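A short write-up of the structure that comes next.
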Amino acid sequence: MGAIEELREHQGTVADKCREMGELLGLSEPVSELVLQAALHDSSYAHNLLATRRNAAFLQYLLANPPAVPKQQEVEAKTSLQLVKKASEAMWKWAKTGFSTVDEAVLQKRYNTCMQCPNLQDQTEQIVYKVFSGTKQAEEKICSLCGCVVANKVRLPTEACPDRHPHLPGVNRWEEPIEQRG
Ligand code: SF4
């Protein structure tokens, strides 16, 4: 089952999601299904869309050039499904917070922790994380537990490190309380 089919089954129609995403981006019309699919598969693309929603020229460029989404059979099904759900959750939750980001001290602490974490890994060929041009190599690394691009994940107040701290009880590796997520 592909990303769009998953959405259709669990979260309403694809047309609804295209319209909602258009509204989130301040557009008068829905985004295309290609843009929606790319945003769900590629957290960097979603991040860039949201971050540039007030820059009309840049936003239009991104909308006209969504990164290619791999065919379902070309990716490991389980990993792909997890990524779709995670990317979708991250994008919509971020939008609900008013696109806020954590303060610089929190960002640095999270980022430094991720950079030293054994769960950090480079992109794999199975997962398409086409990062918009200008992104540095270090910012392309992903968390192997959740599949997120850490450079984006650490900025978002709605995100949480998925791994328990190896020494401190009750907190994750970012030393933030472990959330009970429904
Ligand atoms: S989010 Fe947590 S588990 Fe993932 S790389 Fe960062 S510190 Fe490690």
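When peptides 168-176, 145-153, 29-37 are sorted by average Cβ neighbour count within 10 Å, with the highest value leading, the order is 145-153, 29-37, 168-176. Let's test the formula: R0 of 25 Å, r as the Cβ-Cβ distance of Tyr61 and Asp103. What FRET efficiency results, to the nearest 0.05? Given R0 = 25 Å and the Cβ-Cβ separation, E is 0.25. Between Glu33 and Met115, the contour length at 0.36 nm per residue exceeds the alpha carbon distance by 26.1 nm.
No value in this document is a laboratory result; all are computed from the given coordinates. Computed from a predicted model, the values in this text were never measured in an experiment. Cβ coordinates were reconstructed from backbone atoms using ideal geometry, including for glycine residues, and neighbour counts include every protein chain displayed.
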